[in-house]
Amino acid sequence: MMGPIVSIVCGAMIGSFLNVCISRLPKGESIVFPGSHCPKCGKPIRFYDNIPVISFILLRGRCRSCRTPISFQYPLVEAVTALASLTLFARFGASLSYLVYFSFVASLIVVTVIDLYHQIIPDVISLPGIAVGLLSAAVNPFLSFFDSFLGALLGGGTLFVIAGLYQWLFKREGMGGGDVKLLAMIGAFLGWKAVVLTILLGSFAGSVIGVGIILLKGRDFKYAIPFGPFLSLGALLSLFYGEALLQWYLGLRTG
Ligand SMILES: [Zn+2]
């Protein structure tokens, strides 16, 4: 019973750190110094007010000093990271593969929230992510280095070509360079088959949500829907259900 509990607690604590990354990386601030402080009144947050999820509930979502509401993003990211940690622990146990995939999913969480807020995917996550993904293949029995390398190449290359074609056809930028680097990172961590699946699932989810938003808000709605969250979702589905989806698809074709 200890393993799952430790994985949840560690996940929540890392989630708290991911929140720091999410608020500071887009501003180019250090993620280490200074310690956590209220973005409104600047008061340092005490360790007992910084317990993932629980503090948010005890403080009823407000800063202890100035009572400014704290964004719901904080407990949400902590809870999602804790859940991701538990799910990966259940799948991979206390192993190097768990560490590899957890760092991958943690990066996706940061990328998703930053992309939703700012429509950017920071290079400081995707570029080192590509390198870590390639290196991790050395210790991850579920992925060969060749597959990882091919994944990074295909991920980066495919989106690069699609982005270029789109720009050439419609004379405007459809996909950011950030998406290209993100998909290269996804390929490095999950291999080339997952890249294909991620593009299919991500585009499908993106189209459904995109059409939904146009129906709800009208065609002139001025919000560029970022693609990063959909690529991240596609990557998560590939990680957890990739084999099953592939089997199902191959079964459809032969049966
Ligand atoms: Zn405050």
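We did not get these values from a lab; they are worked out from the coordinates using the rules stated. If you're wondering where the values come from, they're calculated on a predicted model, not measured in any experiment. Positions of Cβ are generated from backbone atoms using ideal geometry, with glycine treated the same way; all protein chains shown enter the neighbour counts.
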Original post:
By its C-alpha gyration tensor, with a ≥ b ≥ c as the square roots of the eigenvalues, how is the chain shaped: rounded for a/c under 1.5, else prolate for a/b larger than b/c, else oblate?
Top reply: oblate
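Can you give the helix-only mean residue ellipticity at 222 nm for the chain, where every DSSP H stretch with n ≥ 4 adds -39500 (n - 2.57) and the sum goes over all residues, rounded to the nearest 500 deg cm²/dmol? Could you put the intermediate results ahead of the total?
Details: 9 runs with 178 residues, N = 255.
-24000 deg cm²/dmol, from helical runs alone.
Please say if the stretch 84-166 is rounded, prolate or oblate, where rounded means a/c under 1.5 for a ≥ b ≥ c the square roots of the C-alpha gyration tensor eigenvalues, and otherwise the choice is prolate for a/b larger than b/c and oblate otherwise? Numbers along the way, then the final one.
Details: a/c = 2.48, a/b = 1.32, b/c = 1.87.
Since a/c reaches 1.5 but b/c is at least a/b, the shape of the stretch 84-166 is classed as oblate.
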**OP:** Calculate the length of the line joining the C-alpha centroid of the stretch 229-249 to that of the stretch 46-93, in whole Å.
**Re:** 27
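Expressed in nm to one decimal, what extension gain is obtained for the pair residue 124 and residue 244 from 0.36 nm per residue of sequence separation less their Cα-Cα distance?
Working: separation 120, 0.36 × 120 = 43.20 nm, distance 3.27 nm.
Working it through step by step, the gained length comes to 39.9 nm.
In a shell of Cβ-Cβ distance under 13 Å around residue 155, excluding residue 155 itself, what net charge do Lys and Arg (+1) and Asp and Glu (-1) give? Could you put the intermediate results ahead of the total?
Numbers: positive: 181, 193; negative: 147, 179.
Result for the local shell: 0.
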**OP:** Using only Cα atoms, tell me the angle between helix 192-217 and the longest principal axis of the chain; keep it within 0 to 90° and round to the nearest 10.
**Re:** 70
**OP:** Enter the angle in degrees (range 0 to 90, nearest 10) between the Cα long axis of helix 228-254 and the first principal axis of the Cα atoms of the chain, meaning the one along which they spread out most.
**Re:** 40
Original post:
How high is the FRET efficiency between residue 94 and residue 58 when r is their beta carbon distance and R₀ equals 41 Å, given to the nearest 0.05?
Top reply: 0.85
Original post:
Fully extended, how many nm does the chain gain between residue 161 and residue 67 (0.36 nm per residue separation, minus their Cα-Cα distance)?
Top reply: 28.9 nm
**OP:** With everything on Cα atoms, drop me the angle between helix 2-24 and the longest principal axis of the chain, reported from 0 to 90° to the nearest 10.
**Re:** 90
**OP:** Would you calculate the separation in nanometres between label points at residue 31 and residue 142, each defined as 7 Å from the Cα along the Cα-to-beta-carbon direction?
**Re:** 2.2
